[in-house]
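Beneath this line is the structure, given in structure tokens, with notes to follow.
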Amino acid sequence: MGQFGIGQPVTRFEDRRLLQGGGRYLDDVNLPGQAYGVLVRSIHAHAKIRSIDARAALKAPGVVAVLTGADVVKDGLGTMQMTLKRKRPDGSPMFAPPHRGLAQDRVRYVGDPVALVVAETRAQAEDAAELVDIDYEPLPSVTSTAAAVGGAPVYDECPDNVSNVFEAGDRAATDAALAAAPRVVRRRYVITRVHAQYMEPRGAVGSWDPIEERYTLHADVQYPHRVRNALATNIFKVPEHQIRVVAGDVGGGFGTKGWQYPEHRLMLWAARKLGRPVKWTCDRREAIPADEHARDNVTEAELALDADGKFLGLRVRTHANVGAYVSSDRNLLATFSNVVTLVGVYAFPAAHVEVLSVLTNTNSTAPYRGAGRPEATYVIERLIDDAARELGLDRFELRRRNLIPAAAMPYKNPLGVTYDCGNFPKSFEDALTLADVAGFAGRRDASKARGKLRGLGIANAIERAAGAQPEFAEIRFAPSGTVTVLMGSKNQGQGHETTFKQILHERLGLDPREVRYVDGDTDRVAYGMGTMGSRSTVIGGTALWMAADKVIAKGKKIAAKMLEAAEADITFADARFAVAGTDRGVTLKEVARAAFQPPQLPPGVEPGLYETGTFSPRQDTWPNGTHLCEVEIDPDTGAVTLDRYVLVDDVGTVINPLTLKGQIHGGIAQGVGQALMEQVVYDGESGQLLTATFMDYAMPRADDFCDIAIGSNPVPTKLNPMGAKGAGEAGTVGALPVVISAVNDALAPLGVRDFGMPATSARVWEAMQQARGVETAPRS
């Protein structure tokens, strides 16, 4: 394994460069002669565009161009295309209207881009954007998920606002199970809309080379090759080699920096029209109106139990708000790919899920850390808590009674997927011990003595990770023996460089400090699906492992020639080829140098040493774990304080325990943020966005958290040679439900029932007052 091998807590190699100011983020990219683009965005949730008058803007100082939807149509820019095949409930084809880059006849949400102003400086573009005169005719709008069906139509062609429906499980068996069950618990849960709030807002720099007839896009994206493919195939309809996408350092993505944003095509399009690069940088106050959002579901859930508390069936009906545009598959991923985890880690004889995707006058929704898994875990864990309270059962015992035993693995759940491995009962018991659940009663009494309410939350989480899509890696030796690793995945702050160098060290014994790492450039990296869904270590790491195996295999042939031995007698370990049973050997570097010298090669071996690996898993992996947390609530103010947090996780083989903890801490922070304070809010009547800035959109800070205790129960998977399952979303999936579970437990003695997110002090205080029979003034 060595100092830098798998399992070692190696500090991140990239941090020195980043902490010294050596990062190269999108805003650091400036090209000779570039102009600056600013987008004019809709101020209405829904309106007809009567006219656009750009004459005053075009006369403003420094203005180069003002482009509108009419120009998009004139130049024949295409739109994104769906590959998913869905239907509406009546059997008719899915209604999935794509975004066209710039609005043409109507705007359909606050922030919908209407015009692009290009000027010599950003300040000039911003000033001119205010001079673009747009005559709107406001129309009725709907922003509420619950009111979408039957609300004001977002499109005349789809009057009921239903885009499509997705189902999983056995409807008939589930209906029968619920009909015959002696106990059925029914609840409605609302999962709020949020924004990813990455540290670096989005941006794009587009350029056009008329000599090579090539576009180059610099953008902070998670999937450079997929962005290239989308632009080439759908938007510009040119061969992929005519587009280059470059993503440098990315200041957070979390799934939301996708491959279809209008600004990517607009900057390239404008650059070609104007004959000079064009740069757009999203202002922080522009981010929420400009970006895709996430979550936003309303769910009706029913849990059937027998007289002993064994689960008999689960029926779930969800309305998922997909916003105003469904431009590509990613806008539906959270509505179907992870609903299969609604049964959680529990044994269910029958289950059925129906997800209705509904259109509203809001930003499109897309994957955000967890992408449907936090929502699914929230529903099942809240439902189990509520069932325990309603039926007078112990919530820990109810879970224990229904956990899938380790001996049942592999286990096919009733929603159609197979958990390949895991020991859910052990994680559960280990977490209860680590959290000292036995001592909770004493801590609750101590809180009561201080005039506080204390609650304990529990959530068992499982996530679908590392989906069966390919990933690429290349190991490229130079004639001098130095090495470069090129990865198809894209780092956004997770520590990929460190992780992949550790895997390379494990297989080849190379000193990570002597390895160059490259990602994010479609001209330098041959292929890649990008980073999302906890896939990079699992799939990208395995691709790198495969490439390393090829290096070893070729190296053995060359070493056999150099050592005058049979290839079968050559062994490899710690960056050295040796003749078995002797002290004779050569280093990997020596073999690499020899690989470029034809006289030193055996017959039939090509010169050079550069190997690739492409890995596509046969199925998903299933990271899982148990979260517990304790909160204190001030009954006078409703303020919620996180006091204790414990997690026992199974992410399979741990590559780096240090970076794993960082991933878990970050994921927990995002789950806690949504549980306690984060929410995108629209005015119900006007459709206006009410939370566009940090003045209104609350974000968690360091002092909102407590110490986090992390335990590990690794059950390595056999789906890849490392045994890794993925860890990027582990914290978020359980944090969202466990915090609300704790808040409900604290409020239960007051008679508060069914309290949902976000647990802001105002909402908690109002819930307590209502439980006491005290009227409160309605909030505006």
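The values are calculated or read from the model by the stated rules, or taken from the named source; none is laboratory data. The structure presented is a predicted model; accordingly, all values stated were derived computationally and were not measured. When we count neighbours, we look across all protein chains shown, and the Cβ atoms used for this are built from the backbone with ideal geometry, even at glycine. Ligands, DNA and RNA are excluded from the accessible area calculation, which covers all protein heavy atoms including side chains. Shrake-Rupley method; radii C 1.70, N 1.55, O 1.52, S 1.80 Å.
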Notebook entry, point to check: Roughly how many percent of the accessible protein surface of segment 471-512 is carbon and sulfur, given a 1.4 Å probe and a whole-percent answer?
Noted result: 44
Item checked: Interchain or long-range residues, amide H under 5 Å from ALA35's placed H -> VAL278, LYS279
Checklist line | DSSP H segments from the chain that extend 30 Å or more along their own axis, Cα-based, with Kyte-Doolittle mean of 0.0 or above | finding: 541-563
Check: What lysines sit close enough to LYS237 to cross-link, taking a C-alpha to C-alpha distance under 23 Å and skipping anything fewer than 8 places away on the same chain?
Finding: LYS74, LYS85, LYS257, LYS273, LYS279
Margin query: If DNA, RNA and ligands are ignored and the probe is 1.4 Å, what is the ranking of GLU474, GLU506 by accessible area, most exposed first?
Written below: GLU506, GLU474
Note to self: Restricting to DSSP H runs of at least four residues, report the calculated mean residue ellipticity at 222 nm for the chain, -39500 (n - 2.57) per run over all residues, nearest 500 deg cm²/dmol.
What the structure shows: -8000 deg cm²/dmol
Item checked: Dipole axis of the chain (+1 Lys, Arg; -1 Asp, Glu on Cβ), positive-most option in PRO599, ALA692, ALA146 -> PRO599
Check: What dipole magnitude, in Debye to the nearest 20, does segment 548-604 give about its Cα centre under +1 on Lys/Arg Cβ and -1 on Asp/Glu Cβ?
Finding: 220
Checklist line | Over segment 98-211, relative contact order from alpha-carbon pairs under 8 Å, at least 6 apart, % | finding: 9
Check: In segment 517-623, what GluC sites (Glu not before Pro) fall in a loop by DSSP, with at most 11 other Cβ atoms inside 10 Å?
Finding: GLU564
Next item on the list: Compute the accessible area per residue over the chain, keeping the other protein chains in place, probe 1.4 Å, unit Å².
Entry: 37
Check: Going from the alpha-carbon gyration tensor of segment 468-586, what semi-axes, largest first and in whole Å, does one get by taking the root of 5 times each eigenvalue?
Finding: 30, 13, 13
Check: In what sequence, highest mean first, do 83-94, 356-367 appear when ranked by Cβ atoms within 10 angstrom?
Finding: 356-367, 83-94
Next item on the list: Using only alpha carbon pairs under 8 Å that are at least six residues apart, calculate the relative contact order of segment 296-414 and give it in whole percent.
Entry: 30
Notebook entry, point to check: DSSP beta bridges in the chain, what fraction antiparallel, as a percent rounded to 5?
Noted result: 80
Note to self: So for segment 229-312, considering every pair of alpha-carbon atoms, how many percent are separated by more than 22 Å?
What the structure shows: 50
Note to self: Under the rule of at least 5 residues apart or a separate chain, name every residue whose amide H is placed under 5 Å from the amide H of HIS46.
What the structure shows: LEU139
Check: Based on Cβ point charges of +1 for Lys and Arg and -1 for Asp and Glu, what charge dipole magnitude is obtained for segment 405-506 about its Cα centre, in debye rounded to the nearest 20?
Finding: 660
Margin query: If I model a spin label as a point 7 Å beyond the Cα along the Cα-Cβ vector, how far apart are those points for THR693 and LEU19 in nm?
Written below: 3.4
Note to self: Let me check against my output: what whole-number percent is the relative contact order of segment 506-618, with C-alpha pairs under 8 Å and at least 6 apart?
What the structure shows: 29
Item checked: Extreme residue, positive dipole direction of segment 665-758, given options LEU719, LEU736, GLN670 (C-beta unit charges) -> LEU719
Notebook entry, point to check: Mind listing the phi-derived Karplus ³J(HN,Hα) values for segment 464-480, rounded to whole Hz, using 6.51, -1.76 and 1.60 with θ = phi - 60°, and x for any glycine or proline?
Noted result: 7, 10, 6, x, 6, 10, x, 9, 10, 8, 9, 10, 10, 8, 8, x, 7
Notebook entry, point to check: In terms of modelled amide H atoms, which long-range or inter-chain residues lie less than 5 Å from the amide H of VAL358?
Noted result: SER163, ALA320, ASN321, VAL322
